[in-house]
Every structure is written in structure tokens, then in C-alpha cells.
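Enquirer: Please read through the structure below; I'll follow up with questions.
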Amino acid sequence: MYWFYNQFYKQQKEKLQLEQRSHEIEVSFLKSQINEHFTYNMLNRFHTEASKYSDQLAEGILSLSDLMRYSVSEQENTMVALSEEIKYTQTLIELNRQRLDNQVEVHFEQEGTGMADWKIPHLCILTLVENAFKHGALKQAPLELHLNVMPEQLRFSTKNKIKPSSNEPSTGIGVKNLQRRLDLLCEGLATLEYRIEEKYFYTDLVIKAP
């Protein structure tokens, strides 16, 4: 009887802890939804106001709103169409060009066939490009992006010059998080490598077809 009582007490305690944790997660989620909704509404309002003075500024705000919506619209551990990921990656590139007063060069080469058939982890390519803008000396040398799509595998690579102020380029939380999601979603079919060569930082992502 004593053993059964202890087991019952233990189960009830674990159930209570689980319910409390679920409640905390739900509250946190609702708060994030409210913040996102508020942000979208404010950006749309700024877009309307900015259109009275500058078409370029208004379009930039609208693009930023779309990019933010894409970044949070999917669950973290989901697969998205490659074409969608490329679309928003190009939006990110254009926004950064405007932020840097069009003083940067970005060469984005795409080749291969079967792009419509591919799905990749959400923010997979976008994370690597954002990392290059964040840590690269892009006013000193172009950012080079290369996407090669084949039926059996997809390869995406980046090359950017390292900022002189950085002794070691940080890959950031985003890239480390990406590696974990690749392991989870691609189940051994993806590799992500990065290296430093002569003041340049390289990343190489390969995803094989299942």
C-alpha cells in the first residue's frame, strides 16, 4: 500500500508540473502572437504613411513586413518549397542593399533543374545569407552565393570577406540552430560545413534527395 501511495503521489506531482509547464508555454505563445500581430499592424501603418513621401521607403517597409511574416509563419521544424525560400532570400538581399546604400555587390548564381520538386528546412538558405550580411565585409568584396539544383542533391554555398575587426567570424546562433534542424528534418541526408581561407568565410550546404 505504501508503494502504491508513493507511485500515485509521484504521478499526480508529475501531472501537475506538466500542466503548469503547458500553461506557461501557452501564455508565452499567446504573448508572441500578440507581439507579431502588433508588429505587422505597425509596419503596415508605417507603409501607408511612408508612401506619402517616398515610394522606395514604402516598398522597403512592405518588403520587411513580408519577410518577417515568412520568418514566423512556419513552424521551426517544417519543410518549405525551395522556390519560396529563394523568393524571400532575394527579398532579404534587396533590403540589405538598401540598408547599405547600394554599396555592396551580391552575385547570386542559380543553376540546375527540378527546383519545383524540392523542399528544404524553413529558413535554411535565408539563415546563411543573413549570417553573411551580418559578419561579412561586403563593402570590400562581393558576397557570392551559388545554388546548384539536381534531382539527386541540392547544394548552396556562400563566400564573403571577413570583417577586419573580427578575429574569428561568428557563425551565430542561427547557423548552429540550422545545423540541429538539418539533423532533425533531413535525417542524415544533409551536411553543413564552414571554413576560413585567406580572410574569406565559406559555407557549404548539401542536401541529398531521400
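The values are calculated or read from the model by the stated rules, or taken from the named source; none is laboratory data. Because the structure is a prediction, the values reported are computed rather than measured. Heavy atoms of the whole protein, side chains included, go into the accessibility calculation; ligands, DNA and RNA do not. Shrake-Rupley method; radii C 1.70, N 1.55, O 1.52, S 1.80 Å.
Enquirer: For the range 84-125, what Kirkwood radius comes out of the mean inverse Cα-Cα distance, in Å? Intermediate results must be reported in sequence, preceding the final value.
Expert: Numbers: mean 1/r = 0.0838 Å⁻¹.
After inverting the pairwise mean of 1/r, the radius is 11.9 Å.
Enquirer: Largest first, how would Leu62, Leu92 line up by accessible area (1.4 Å probe)? Can you show the working numbers first?
Expert: Details: Leu62 55, Leu92 20 Å².
Highest to lowest solvent-accessible surface, that is Leu62, Leu92.
Enquirer: Can you work out ³J(HN,Hα) from phi for every residue in the range 194-202, in order, using Karplus 6.51 cos²θ - 1.76 cosθ + 1.60 and θ = phi - 60°, giving whole Hz and x for Gly and Pro?
Expert: 9, 7, 10, 9, 6, 6, 10, 10, 10
Enquirer: Also: Heavy atoms only, probe 1.4 angstrom, no DNA, RNA or ligands counted: give me Asp204, Asp117, Asp55 ranked by accessible area, highest first.
Expert: Working: Asp204 35, Asp117 135, Asp55 115 Å².
Accessible-area ranking of Asp204, Asp117, Asp55, largest first: Asp117, Asp55, Asp204.
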